[in-house]
Amino acid sequence: MESIIEVHNLKKSYKKRKTKEEIHAVKGISFSVNRGEILGLLEPNGAGKSTTIKMICGLVKPDSGRIIIKGLDNHEKRLKALRHISAVLEGNRNLYWRLTVRENMEYFAGNRGFSRKEVSEQIDGLLAEFHLKDKEYELVNRLSRGMQQKLAIAVAMLADSDVILLDEPTLGLDVETSYEVRELLQHVAHDHHRTIIISSHDMDVIQDICERTVIINNGSVVTDDRVENLLKLFEVRAYSLTLGGLLTDQQQQILQQKFPLSQYIPDTYQSTFEVELEKSEEIYELFDIFKIESTPVEAIDRKTVDFEQIFMKIVKGEAKHEMAPSS
Amino acid sequence: MRWLHLLKANTRKEYIELKRYLPNTIAMLLTFYIIFLAMFAGIQVIGDPSTQDMNVQFVIVNYIFWYLAMVVVQDIGWQITNEATQGTLEQLSMSPMGVWKIILTRLLALVLVHFLIVVVLLYLSMLTTGQWLNIDVLTLLPILVLTLISMFGLGFIIAGMSIIFKQVQAFLQILQFILAGLVFVPLSVAPFLAFLPIVKGVDLVRSVMIDGIILTGIGFGDYMIILFNAIFYFVIGLVFFLNCERMAMKKGLLAHY
C-alpha cells in the first residue's frame, strides 16, 4: 500500500525555561501512514504526541529526522508539503467565532489561495453532508460545541488536502454528537478517500474508527499495529473461569506464583478466577492446579478486552508484542 | 492569482468584522474625532494666533497619518495576539501560502478597509476647522504608497514580536505614542529623522496638502529618501518576521499563547 506520510527517526528536545534542563520530547520516532487509512496516534499525557503532530503539520521544526508528505520533505519544501495536509488541532478554537459558518469556510479556503467561486459548490456539499446547511449564516459563537467541531472538520476538508490531522476530535462532545462525528470521519476517509490521523484520549473512538494505532510513550513508538490485531492478541489470552466452590490456600499460592496477572474472587458457592495467559498452552497448567483438589470448573469465558485496557498495559510496560509493519 | 484570492479573503474578513460590529467601529471613529477636537481646541486656546491656521492644518495631516499608522502597525500586533489566544494562529501558520503572505495581505486589507474611515475623518476635521487642505491625489498617491510600504515593514516587526512574545499588549500601548512621535515631529527640527520610517512621507504629504506643492515640485532627493525608506524598512521588517517565524517553529511557539 502506498505511504502518504513517512516519519523517519524524528527527534525533538526543548530546554526548560527556568532550569535550562533539556527535555527530550521525541526520541527518534519512525512510522508511516498509508493512503486512505485512519490512524490513531496515542500516548499518555506529555509523552511526545502533540509535538509529533505539530512537527507533521509544519508548526514545529524537528531537531533531526525527516517527515515526507506525499514525497515532499515538509521541512525543505514546507509550503508545498502543507498543500497536502490540513488539521483540526484545537477543535472549535480553530474557527473565527465572529464570522458565520459559510464565512469561516470561505475565509480559510481563501487563505489557502482558493477563490469563493472555486469552493462555492464544495462548501454547499460539505454543509449538506455535515448537516450544517440550516446554520450556514449563523455566527460560530452561537453554534453548539458539536456543530463547531463539525464545522472545523468541514473547514479542514475544504482544502482538498490528502491528509487530515485531528487532535481530540470528540473532546467535550455529548454521546450523540460524538457518534455523529465518528460516523462523519469514517465517511470522510472512505467516501472522500482522505487519510485521517487522530490523536485522542477517548479509546472508544480509537477502537471504533481507527484501523491502525501508533502508541508513543516517553518519546518513542512502543506499538505500531492494526487495532484489530491488538484486540485479538489481547482477547485470546484473557479468561474468566467460574469455579464451583473455593480454592485451597495451596492452590491459591501456586496460582499466584504461576500466574501473577490473575485475580481470585472467592465465593462459597461460585468463585471466579480471572487470568491473563502469556501463552495459550498455559491453560493446561491452570487446569492441572484446579485438578489437585478436583475443583469443578463450571464455565470458561473469554474476557472482552477494550482498547483502553490494551493501551494502559502497553504504556505501563505490562504487555509487549512485536510491532507489525505499517502496511 | 492565489495572491489575489488571499487578498480578497482577508479584505472581506476585515470589512465583515468592521460592519458586523458597527457600534464599535463608530466608537473608534468618534474617539479619534474627539482626540482631534482636543488638539484643535488646544491650538485655539494656547496656540499663537498668527500661526493658528498653519498649526491646525499641520495637526489635521498629522493626526490622519497617526490613525493610518495605528491601524497598520498596531492593529496587526493586536490581531496576532488575538489569533494566538483564539487558536486560529496555528491554522494561519499551516497555510500553504505562507504566513508572511497572509500578514502582508492583512496589512493591505487594513489599509483598503480603513481608507474610507480616513477619508471620513479627514473631511470631518476639515469641516470642523474650516481649513480646507489641498487634496492633489496624483501627487499624494506615490508618497502615500511608499510611506505605507515602510509602515508595512514596521507592521511585520510588530507581527514577528507578537508571534514570539504573545503578550505584547503593554508594548502596543506604548507604540501608539512612538507612532505619534514619528508622525508629529516636524522634520525642520531634526532633519536626520528623515531616515526613520513614516517621518519623511508625512513631511512630504504636509508640503502637498498645506503648501500646495505638486508632483514635479518635489525634489528627486526627497523621492529617493522615501523610496529608500520604503524598501529598507519593508525588507528589514520581512526578514525580522521570517526569522521570528523560524524561531517560533524551532521553539514550538507558533501554537502557544
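Listing for the model above:
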read-out	value
Spacing of the two label points (7 Å from each Cα toward its C-beta) at B:Leu22 and A:Lys117, in nm	3.0 nm
Area hidden from solvent between A and B (accessible, protein heavy atoms only, 1.4 Å, total, Å²)	3300 Å²
Listed peptides B:13-20, A:16-23 by packing density, highest first (mean Cβ within 10 Å)	B:13-20, A:16-23
Per-residue [θ]222 nm for chain B (sum of -39500 (n - 2.57) over DSSP H runs n ≥ 4, rounded to 500)	-26500 deg cm²/dmol
Label-reachable residues, region A:96-128, where backbone N falls under 18 Å from a point 7 Å from A:Glu183's Cα toward its Cβ	A:126-128
Cα-based Rg and Dmax for the protein assembly as shown, where Dmax is the largest Cα-Cα distance (Å)	32.2, 120
Region A:237-327: GluC sites (Glu not before Pro) falling in loop per DSSP and having at most 14 other Cβ within 10 Å	A:Glu278, A:Glu281, A:Glu293, A:Glu318, A:Glu322
Dipole in debye (nearest 20) - region B:2-251, about Cα centre, beta carbon charges: Lys, Arg +1; Asp, Glu -1	980 debye
Dipole axis of region B:2-251 (+1 Lys, Arg; -1 Asp, Glu on Cβ), positive-most option in B:Leu112, B:Phe36, B:Phe192	B:Leu112
Neighbouring partner chain Cβ atoms per residue of B:245-252, average, 10 Å criterion	4
Sequence-distant aspartates and glutamates (8 or more away, or on other chains) whose Cα lies within less than 14 Å of A:Lys135	A:Glu103, A:Asp124
Violating pairs (Cα-Cα greater than 27 angstrom) within the set A:Lys232/A:Lys258; A:Lys61/A:Lys313; A:Lys49/B:Lys8	A:Lys61/A:Lys313; A:Lys49/B:Lys8
Unit charges at the beta carbon, dipole of region A:117-214: most positive-side option, A:Thr177, A:Leu139, A:Ile197	A:Leu139
Cross-link pairs A:Lys27/B:Lys250; B:Lys101/B:Lys200; A:Lys12/B:Lys251; A:Lys54/A:Lys150 - those with Cα-Cα distance over 18 Å	B:Lys101/B:Lys200; A:Lys54/A:Lys150
Share of carbon and sulfur in the accessible heavy-atom surface of chain A [1.4 Å probe, %]	47 percent
Trypsin sites (Lys or Arg not before Pro) restricted to region B:184-257 and DSSP loop, no more than 12 other C-beta within 10 Å	none
Percent carbon-and-sulfur accessible area, region B:2-251, ignoring ligands, DNA and RNA, probe 1.4 Å	74 percent
Given charges at Cβ of Lys, Arg, Asp, Glu: region B:2-251 dipole, positive-most of B:Ile26, B:Ile213, B:Trp132	B:Ile26
Charged-residue dipole, Cβ positions (Lys, Arg, Asp, Glu), region A:112-222 about Cα centre, Debye nearest 20	360 debye
Shielding by partners - mean other protein chain Cβ count within 10 Å, residues of A:155-161	1
Debye equation applied to the C-alpha atoms of chain B, log10 I(q)/I(0) at 0.09, 0.13 Å⁻¹	-0.42, -0.86
Heavy-atom surface of chain B, accessible at 1.4 Å and reported per residue (Å²)	44 Å²
Label-to-label distance, nm, for residues given as A:Asp134 and B:Met54 (7 Å Cα→Cβ offset)	7.0 nm
Surface accessible to a 1.4 Å probe, per residue, for the residues of chain A, Å²	47 Å²
Chain lengthening between B:Leu193 and B:Leu29 when straightened (0.36 nm per residue, less Cα-Cα)	56.1 nm
In nm, spacing of pseudo-spin labels at A:Ile300 and B:Phe220 (7 Å Cα→C-beta vector)	10.1 nm
Gain on full stretching of the segment that runs from A:Asn141 to A:Lys313 - 0.36 nm per residue minus C-alpha separation	57.9 nm
Partner chain coverage, peptide B:80-90 - average Cβ within 10 angstrom	3
Dipole magnitude (debye, nearest 20) for the protein assembly as shown, charges at Cβ of Lys, Arg, Asp, Glu	2340 debye
Proximal aspartates and glutamates relative to A:Lys20, as straight alpha-carbon distance under 18 Å, when same-chain residues fewer than 8 apart are discounted	A:Asp63
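The values are calculated or read from the model by the stated rules, or taken from the named source; none is laboratory data. What you see is a predicted model; the values in this text were computed from it and never measured. Neighbour counts are summed over all protein chains in view; Cβ atoms, including those assigned to glycine, are modelled from backbone coordinates with ideal geometry. The accessibility values were calculated without ligands, DNA or RNA, using every heavy atom of the protein model including side chains. Shrake-Rupley method; radii C 1.70, N 1.55, O 1.52, S 1.80 Å.
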